[in-house]
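Reviewing the structure listed below.
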Amino acid sequence: MNKVVALFAALIYGLAAVAQGVTGSWNGKIDVMGTQLNLVFNISVDDGGSLACTLDSPDQGVKGIPAEITVDGGVKVAIRVPSIFASYEGELKDGSIKGNFSQSGMSFPLELKPGALERNRPQTPKEPYPYITEEVRLENKAGNASLGGTLTYPVGYEKMDEGAVQGAVPVVVMVTGSGLQNRDEEVFDHKPFLVIADYFARNGIATLRYDDRGIGKSTGDAANATTVDFMNDALAAVGFARNTGKFGPVGVLGHSEGGSIAFMLGAQGKADFIVSMAGPGVSGADVLVAQNKVALKTGALPDNIVNDYCAALRIVLAELASGRVVADPESAVQRAVSQAGVSLPAPLTANLVQVIRSCTPWLRHFIAYDPAGDIKAVKCPVMAVNGESDTQVAAKANIGAIRTLLPDNPENLVKTYPGLNHLFQTCITGLAVEYGKIEETISPVVLKDISDWINAVGAAKRKNQ
């Protein structure tokens with residue numbers, strides 16, 4: 001028995017020695033056709049004493065991709081990432097791991113150095129804050145969702161006289177864009193909603209932000225949710241803010257898809273004012289076709305191929321928007337290509353097939369939804385802004401439509417910003433690949449403009465009461 005115990009202890013000791021050499025985060029860059037892509041492997045020891053690993057691709061906003069790892073002799077590291085058909089093989093020497101990263105038949109040299117990737121995000125506020133924050137819980141009982149959120153009071157709120165002064169403070173419910181995001185709308189280590197909440201708090205405006213259903217401290221069915229479900233979550237947040245009795249006008253600030261939700265709530269008369277940051281002014285199908293056109297042109301495809309693909313894509317999207325079940329995606333794509341009168345390379349045809357196969361309830365609703373009716377029906381003051389370099393929700397088409405559709409209101413403000421992208425960062429190309437590389441989280445000019453406008457709307461409401 002003692003020999004067995006001794007052998008077991010030796011194995012544990014050996015594993016610990018191996019783990020000590022490779023555990024932790026390791027970061028490096030691969031060169032993909034001239035573009036530097038950061039990768040981070042996070043290596044740890046699980047509860048069973050085995051090595052565990054995940055992969056982050058910070059420049060693509062992806063974290064925690066499950067991976068499988070083996071270490072031979074404490075120095076030879078082999079990692080497989082089955083979900084993305086990738087692998088890495090390297091050797092630990094002189095404090096770094098040198099090897100090659102392979103994916104889909106391509107191989108790239110990759111030297112990993114210890115430590116997580118450190119990004120400089122100078123606008124992210126650090127505690128202690130000069131204002132009060134409160135952890136809150138929002139209930140959308142009809143939608144079976146419970147949302148964890150943060151209520152941020154403006155600087156000096158606790159010293160204000162109860163009643164008239166506190167009741168005059170505007171509060172803004174913040175609604176994230178598409179995809180599940182936390183209350184900070186965190187992406188590429190940027191935290192736009194935290195930055196906005198901090199700026200607003202220092203300028204007399206309260207905010208309520210929350211984790212999307214199914215992420216962070218929120219629960220609820222996210223897989224089958226549509227924009228309408230997310231709108232009802234936002235409506236629960238608006239109701240919570242009103243029911244506190246601590247604030248004056250209650251507004252909604254939405255980014256991207258959140259901008260659509262802001263218009264929905266404005267059309268229903270649920271918001272006292274709304275702010276749309278890069279919110280769509282055209283249908284989801286139009287937005288997706290425009291996004292694909294930009295992406296394909298960036299890939300240096302000829303204009304005729306790009307236009308042919310987008311023509312076929314529009315037909316595929318119309319089929320999905322109809323709600324009909326597409327039992328045979330390959331045949332549906334062939335019909336779309338034939339109807340469009342085009343000929344596509346095999347990879348692009350395969351991509352259209354994948355669009356159909358990966359269709360979700362959210363996507364069906366998104367491509368079918370046209371915001372025109374809601375924008376026309378909004379009666380509260382509206383501020384709609386867009387970056388002129390936005391490649392996800394193009395300013396010319398979307399802000400132009402919003403400007404045309406909005407009812408006349410002297411308090412409305414519709415504005416575009418030269419040189420800003422979809423996140424309202426100062427950029428070069430506006431492409432998503434830049435988001436993580438830019439240190440600025442959001443343009444200070446945009447922060448000031450929105451804050452000044454909200455305070456002006458609040459002051460006008462107080463004057464008219």
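Bear in mind that the values in this text are calculations on the coordinates, not laboratory data. Computed from a predicted structure; not experimentally measured. Positions of Cβ are backbone-derived with ideal geometry, glycine not excepted, and every protein chain shown enters the neighbour counts.
Along region 104-111, what does the Karplus equation 6.51 cos²θ - 1.76 cosθ + 1.60 (θ = phi - 60°) give for ³J(HN,Hα), rounded to whole Hz, x for Gly and Pro?
For region 104-111, the Karplus curve yields 6, x, 10, 10, 9, x, 8, 9 Hz.
Give the Rg (one decimal place) followed by the Dmax (whole number) of region 228-385, computed from C-alpha coordinates and expressed in Å.
19.0, 61
Give me the three principal axis extents of region 316-421 from the C-alpha atoms, as integers in angstrom, largest value leading.
Extents along the principal axes, in whole Å: 52, 31, 24.
Determine the shape class of region 363-465: with a ≥ b ≥ c the square roots of the Cα gyration tensor eigenvalues, call it rounded for a/c under 1.5, and otherwise prolate if a/b is greater than b/c, oblate otherwise. Can you show the working numbers first?
Details: a/c = 2.46, a/b = 1.29, b/c = 1.91.
Oblate, since a/c reaches 1.5 and b/c is not below a/b.
Using the basic label-point model (7 angstrom from Cα toward the beta carbon), what is the Ser83 to Gln103 distance in nanometres?
Placing both labels 7 Å along Cα→Cβ, they lie 1.3 nm apart.
Given the -39500 (n - 2.57) contribution per DSSP H run of 4+ residues, what per-residue ellipticity at 222 nm results for the chain, rounded to the nearest 500 deg cm²/dmol? Mind showing how you got there, number by number?
On the way: 13 runs with 167 residues, N = 465.
Computed ellipticity for the chain at 222 nm equals -11500 deg cm²/dmol.
Given H placed on each backbone N at 1.01 Å, which residues far from Ala384 in sequence or on other chains put an amide H within less than 5 Å of it?
Counting only residues 5 or more places away or on other chains, the set is Ser276, Leu413, Val414, Lys415.
For the pair Lys76 and Thr226, how long in nm is the line joining their label points, each one 7 Å along Cα→Cβ?
Each label point is offset 7 Å from its Cα along the Cβ direction, giving 5.5 nm.
The chain: D in µm²/s via Stokes-Einstein (Kirkwood Rh, Cα pairs, 10 °C, 1.306 mPa s)?
For the chosen part, D equals 64 µm²/s.
Using only the C-alpha atoms of region 28-132, find the volume of their convex hull and express it per residue in Å³. All intermediate terms of the calculation are to be shown ahead of the outcome.
Numbers: hull volume 17.1 nm³, N = 105.
In region 28-132, the Cα convex hull volume per residue is 163 Å³.
Which percent of Cα-Cα pairs in region 101-250 sits in each 5 Å bin, short to long?
So the P(r) values, bin by bin, are 2, 9, 17, 18, 15, 13, 10, 6, 4, 3, 2, 1, 1, 0.
What length, rounded to one decimal in nm, is gained on full extension from Lys463 through to Glu330, with 0.36 nm per residue of separation minus their alpha-carbon distance? Please list the in-between numbers first.
Numbers: separation 133, 0.36 × 133 = 47.88 nm, distance 6.18 nm.
Between Lys463 and Glu330, full extension yields an extra 41.7 nm.
Mind scanning Lys379/Lys461; Lys191/Lys246; Lys29/Lys191 and naming the pairs with a C-alpha gap bigger than 20 Å? Each step should come with its number before you reach the end.
Numbers: Lys379/Lys461 14 Å; Lys191/Lys246 26 Å; Lys29/Lys191 23 Å.
Cα-Cα > 20 Å for Lys191/Lys246; Lys29/Lys191; rest within.
Hey, can you grab everything whose amide H is under 5 Å from the amide H of Ala86? Only 5+ residues off in sequence or another chain; H modelled, so Pro and N-termini drop out.
Amide H neighbours of Ala86: Val81.
Taking the Cα centre of the chain as the origin and placing charges on Cβ (Lys, Arg +1; Asp, Glu -1), which of Ala78, Ser102, Leu423 is farthest toward the positive end of the dipole?
Leu423
Which FRET efficiency, nearest 0.05, do Thr244 and Thr360 yield, Cβ-Cβ r, R0 41 Å? Intermediate results must be reported in sequence, preceding the final value.
Details: r = 35 Å, r/R0 = 0.85.
Working from the Cβ atoms, E equals 0.75.
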